[in-house]
Structure formats: C-alpha cells, structure tokens
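Structure record follows, encoded as structure tokens.
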Amino acid sequence: MQNFKLGWELYEAGLDEKIGRVGRPLPAVMRQFKRVTQIEDLQKGKYTLLTAEQGIGDQILFLSSLNEMLPKIEKPILICEERMLPILRRSFPTIEVKTYGFANSLSSQQERLNGVFPIGSMMKYCRSSKEDFLQKRKPYIQTNELKTAEYKKLIELKYPGKKIVGVSWSGGFWDRQKRAKSIDFEELISLMKMEDHVYVSLQYGDVSENKKLVIEKKLPMVFIDGIDFKNQIDEWVALAASCEKIISVSTALVHFAGAAGKKVDLILGESQSPFIWGLEEGNSLPYENVTIYRQREKEKREDYIKRLKGVL
Amino acid sequence: MNSLYKQLKEHLPKNTAILSDKEFLLINLKDYNINQLAPVQAILESIDVSVGYPFRVLLSFIDSLATASKVNDFNIILTDPSMAVAAYVAWVRCGGSAEKGNIFAPKGMPNFPIKDGIVGEILNDFIKKINNNPTVKFDKEIFTFVIGNTKTASQTAFAATNFKDVKKGALILKDFARTDAYQEREYLEEMMLFPTVTFEGHGYIIKF
C-alpha cells in the first residue's frame with residue numbers, strides 16, 4: 001500500500017490502447033497528436049500540450065504537481081474544457097490555458113509541438129511517496145474572491161450570525177460509483193445542526209425533490225438558483241469558498257475545495273472509494289484541510305451516521 | 001468577450017450547445033452542425049476576430065480543405081486584403097511556418113493583434129511571409145489557394161488569371177452569387193472556370 005512510485009508507473013499502462021476505455025482514454029481531439037509521458041523526451045524550443053484527462057476532480061488532483069513541473073517544461077500550454085478556463089487561468093497565471101478546440105486548431109502545426117503530455121503523467125515526478133504528498137500539499141487553486149464575497153454577503157443577509165456550511169450528497173457517473181459516492185438526503189438532514197448553522201446546497205444535477213423537502217420541513221438550507229454547477233465551475237467553487245466548512249461525499253467539489261485550502265469533511269460510506277482517499281480515516285493525503293470520515297468495517301449504517309453526528 | 005449569447009441567454013430556449021461571439025450566435029437545435037463551424041472558432045478567438053455566419057461558413061470550408069490537403073508546401077494568393085483572416089486560417093491549417101508556405105497579397109493588409117505564445121509565433125511567421133510585390137510569381141506545381149471575392153471586376157480577374165494555370169489547388173470566392181456580380185461570373189465562364197456555389201453564395205473550384 002501507498003507504493004506511489006510503482007502505482008504511477010503502472011498508471012502509465014492505462015494509456016496503452018490495449019487497455020481501452022477503462023484505462024486513460026484521452027479526449028478524442030488530443031489523440032491526433034504525438035503522446036509524450038517522459039520529461040526527457042521533450043525537445044527544447046517546442047511547445048508541449050499538457051492535456052487534462054479523466055474527470056474534473058482527478059484533473060484538480062493532477063494539477064497539484066503543475067507548479068513543480070513548470071520549470072522542467074519549456075513552453076507548456078495547459079489544455080482543458082472550456083468550463084475549466086476561468087479557474088485554471090486564475091490559478092496558473094504564468095502559463096497559457098486553452099481549450100480542446102484551440103488544441104485542435106494546432107493539428108497541422110505539429111512541427112512546433114512536442115505533442116501531448118497527459119497531466120496524470122506529471123504525478124510520477126512529484127508525488128512518488130506519502131512524504132511527497134504530505135510535504136508538498138498547499139493550496140494552489142485560486143477562487144473568484146469577488147464572487148465569493150457576493151455569495152457570502154447574500155447568505156449572511158438572510159441568515160445573520162449563522163455558520164455557513166456547504167453540502168453535497170451525491171456524486172459519481174457510473175452506477176457503481178454513485179452507490180459509493182452518495183449519502184441519502186434524509187441521512188444528511190439528520191446530521192444538520194438547525195439552531196446555529198445554515199446549509200448551502202453545492203449539489204449539482206437535479207435537486208428539485210430535495211428542494212421540495214427542504215421547503216416542506218422548513219430546513220435552514222439555501223439553494224442558489226441560476227447557476228449550473230456542472231458548467232459554471234468558477235461560480236460553483238466561488239460559492240463553495242463562501243462557506244466556512246463543507247460536508248461532502250466524494251465528488252469533484254472535494255478536490256476543488258481542498259485544493260483551494262477550504263475545510264472539508266469528507267463522508268465515505270463504503271470501502272470502495274477513489275484510491276487517493278486511501279483506506280483509513282482522518283486527514284487526507286493530497287489536501288491538508290480535507291478530513292475523511294469513513295464507515296468502518298462491520299459498522300452499521302445507523303451507527304456510522306450517529307458517529308458522524310457527533311463529529312461533523 | 002461579451003458574446004451575444006451572454007447578452008441574450010435569458011431570452012433563448014435551453015439547448016445543449018452554443019457557438020457565439022459578439023457578432024455571431026449559433027444555437028444547436030437542429031438546423032446546423034455546430035461541430036462543422038467550431039474548429040474555426042478557436043482560430044478566430046485566438047486572434048480576436050469575430051465574423052458573421054456566411055463568412056464563417058467560408059472559413060470553415062477553407063479550414064477543412066486546408067487540413068485535409070496534407071501538403072508539404074503551399075501558396076496562398078489573396079486578391080483582397082480584407083480577407084486576410086481567410087488567408088490566416090488556410091495558413092494555420094496547412095501547417096504554415098517560417099519554412100513552409102508562401103503568401104501573396106495586395107498592399108493594405110489589416111494589422112493583426114500582437115500575441116504571446118504559440119499564436120504569436122504563428123502570426124509572426126505568417127506576417128513575415130506576406131509578399132506584397134504586385135508581380136505574383138509562384139510555383140504552380142504546389143497546392144495553391146486563390147482566395148478572393150467579387151467586389152470588383154479587377155479582383156475577380158486577378159483571381160481567375162492566377163488560378164487558371166494552377167495544377168493543384170482551390171479557388172475560393174466570397175459572395176460569388178451576389179446579384180450584381182454577373183459580369184464577374186461571365187468573366188470566369190469565358191476562362192472556362194465554373195465555380196460550385198454554396199448555399200451562402202460563395203463560389204469554389206478545387207483542382208487535384
């Protein structure tokens with residue numbers, strides 16, 4: 001366990017075409033470029049397209065090593081989805097951050113390029129041991145401070161003097177992930193401290209049923225209308241940053257908030273979870289302020305929820 | 001950039017894909033293939049240019065043709081400096097560089113923005129390669145784009161004369177089907193050049 005050196009080495013195998021879509025399929029548009037995964041293969045004077053890969057949470061995790069890698073890459077261009085542009089441009093102001101569409105426009109300009117360097121391949125150079133993670137973890141995502149202040153003011157106006165806590169209760173794309181990455185909304189309600197806290201929904205997707213329940217039960221919970229959390233990432237993270245603390249299941253939100261230095265209580269209901277959270281409880285490896293609360297082996301669900309109630 | 005979409009989104013139906021800048025808005029409902037126009041959007045954005053729908057279709061056509069041509073070397077002959085952006089799209093997508101590609105254009109090319117990074121590098125190479133000499137002498141054996149419009153008879157004549165002896169290449173004429181461009185069309189016919197006309201009214205001939 002925690003043999004990251006070997007882990008990242010094996011992770012490179014995920015790029016092999018034989019592994020297919022269960023591995024590390026790069027965005028289709030990036031597959032037309034030569035792939036480079038070793039720093040020593042980069043030629044001087046040429047640009048390198050550092051391409052985002054996997055889900056946006058993984059992308060944020062991988063970008064934890066970007067600032068350390070920049071001195072080793074002469075002309076980097078970070079390529080990402082359009083929705084990630086504002087937050088990544090603010091967080092990494094010294095490099096060009098462009099869209100997949102822009103990368104595509106360079107497909108005939110390959111002589112100027114080293115090729116595509118998937119961001120997951122940076123980790124083997126910077127995070128090859130547990131100590132690397134512990135020593136190097138510090139905030140690297142810059143949130144939109146103006147927006148954060150606006151949201152905070154808005155919530156404080158409605159709920160003066162209350163502690164603002166962000167919540168997210170459902171994540172994952174595949175059904176199996178969803179089971180491991182969700183907590184029942186009723187369970188979440190049971191964790192709420194109604195008297196002195198106000199809760200802010202940071203949950204993406206359809207929350208209409210949850211909203212109905214909140215209104216019915218007159219719970220101190222705020223849903224901010226008009227922001228599409230899936231596409232307006234910068235707004236979403238700015239709202240998250242307006243909270244004193246976040247309680248969340250394992251979703252991209254935890255990565256964004258953790259990388260921005262926010263305090264997060266991470267609820268992991270099952271033993272299955274992304275590798276980066278490990279198998280234990282307590283302080284997380286990649287983000288200093290993310291604390292893991294995991295359902296223990298043989299611990300009954302109701303006991304786990306009761307335990308969470310005492311600590312969150 | 002404050003796009004049209006940002007200004008109007010509250011009044012528009014919900015949709016899955018939008019392509020927009022300050023002059024242009026395409027909503028992907030059912031009539032247009034947004035992906036056809038999207039690749040050129042990145043190039044336009046990178047040099048701070050916004051254009052309307054008909055010209056964008058022409059640029060997308062040039063983009064596809066240039067990308068597919070896979071040429072080792074190429075010429076671009078521009079008959080009207082106001083279409084400099086079309087020459088730039090062809091240049092980028094053919095792999096234009098300090099070593100590859102030649103551009104002939106009349107005097108009066110617009111100023112391109114000053115850019116850093118890879119876009120700045122490509123733009124610098126493009127600008128350095130522009131040959132404003134009025135006597136156009138080029139290798140007719142290599143792939144040649146002749147890009148123009150039908151604004152004036154002299155521009156059309158210039159385009160046709162240069163394209164006539166090209167072995168491989170494309171003649172691209174913006175607004176070729178414009179009603180009052182009948183003399184220009186007749187001139188091309190006399191030279192045995194019969195462009196295909198697009199829905200937007202542009203004309204093109206491809207020689208391979």
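Taking the options A:GLY7, A:GLY55, A:GLY20, name whichever one is closer than 21 Å to A:TYR140 by Cβ and surrounded by fewer than 19 Cβ atoms within 10 Å (Cβ to Cβ). Step through it out loud before you land on a result.
Values: A:GLY7 fails: closer than 21 Å to A:TYR140 by Cβ; A:GLY20 fails: closer than 21 Å to A:TYR140 by Cβ.
Going through A:GLY7, A:GLY55, A:GLY20 in turn, the sole match is A:GLY55.
Take B:ASP165 and decide whether it is farther than 14 Å from B:PRO195 by Cβ, surrounded by fewer than 17 Cβ atoms within 10 Å (Cβ to Cβ), without any contact (Cβ under 8 Å) to a residue 40 or more places away in the chain and within 14 Å of another protein chain (Cβ to nearest Cβ).
Here the answer is no, as B:ASP165 does not meet what is asked.
Out of B:ILE122, B:ILE103, B:ILE130, report the one residue that is more than 14 Å from chain A (Cβ to nearest Cβ), touching a residue at least 12 places away in the same chain (Cβ under 8 Å), crowded, with 22+ Cβ neighbours inside 10 Å and touching a Phe, Trp or Tyr at 6+ places or on another chain (Cβ under 9 Å).
None of the other options fit; the residue is B:ILE103.
Looking at (1) under 27 Å from A:GLN135 (Cα atoms); (2) among the small types (Gly, Ala, Ser); (3) in contact with a Lys or Arg (Cβ under 8 Å, 6 or more places away or on another chain), which is the only condition A:GLY7 fails?
(3)
Would you mind finding the one in A:LEU63, A:LEU85, A:LEU106, A:LEU70 that is surrounded by 21 or more Cβ atoms within 10 Å (Cβ to Cβ) and either away from chain B (no Cβ under 11 Å) or under 24 Å from the mean Cα position of the chain (by Cα) (or both)?
Going through A:LEU63, A:LEU85, A:LEU106, A:LEU70 in turn, just one is surrounded by 21 or more Cβ atoms within 10 Å (Cβ to Cβ) and either away from chain B (no Cβ under 11 Å) or under 24 Å from the mean Cα position of the chain (by Cα) (or both): A:LEU63.
Show the residue pairs that are 6+ apart or on different chains and have beta-carbon atoms under 9 Å apart, the first residue being within the stretch A:110-123 and touching a residue at least 24 places away in the same chain (Cβ under 8 Å) and within 14 Å of chain B (Cβ to nearest Cβ), the second being in a helix (DSSP H, G or I) and of a type in the set (Val, Ile, Thr).
Within 9 Å, the pairs are A:ARG112/B:ILE118; A:ARG112/B:ILE122; A:LEU113/B:ILE118.
Taking the stretch B:47-71, which residues are out of contact with any Asp or Glu (no Cβ under 6 Å at 6 or more places or on another chain), touching a residue at least 40 places away in the same chain (Cβ under 8 Å) and surrounded by fewer than 23 Cβ atoms within 10 Å (Cβ to Cβ)?
Hits for the stretch B:47-71 are B:ILE47, B:ASP48, B:TYR53, B:PHE55, B:PHE61, B:LEU65, B:SER69, B:VAL71.
In the stretch B:83-100, which residue that is more than 20 Å from B:ALA42 (Cα to Cα) and touching a residue at least 24 places away in the same chain (Cβ under 8 Å) is farthest from the other protein chains (Cβ to nearest Cβ)?
B:ALA98
Among the residues of the stretch A:170-184, is there at least one that is at pLDDT 90 or above and part of a helix (DSSP H, G or I)?
Scanning the stretch A:170-184, I find no residue that is at pLDDT 90 or above and part of a helix (DSSP H, G or I), so the answer is no.
The values are calculated or read from the model by the stated rules, or taken from the named source; none is laboratory data. Computed from a predicted model, the values in this text were never measured in an experiment. Cβ: placed from backbone, ideal geometry, glycine included. Neighbour counts: every protein chain shown.
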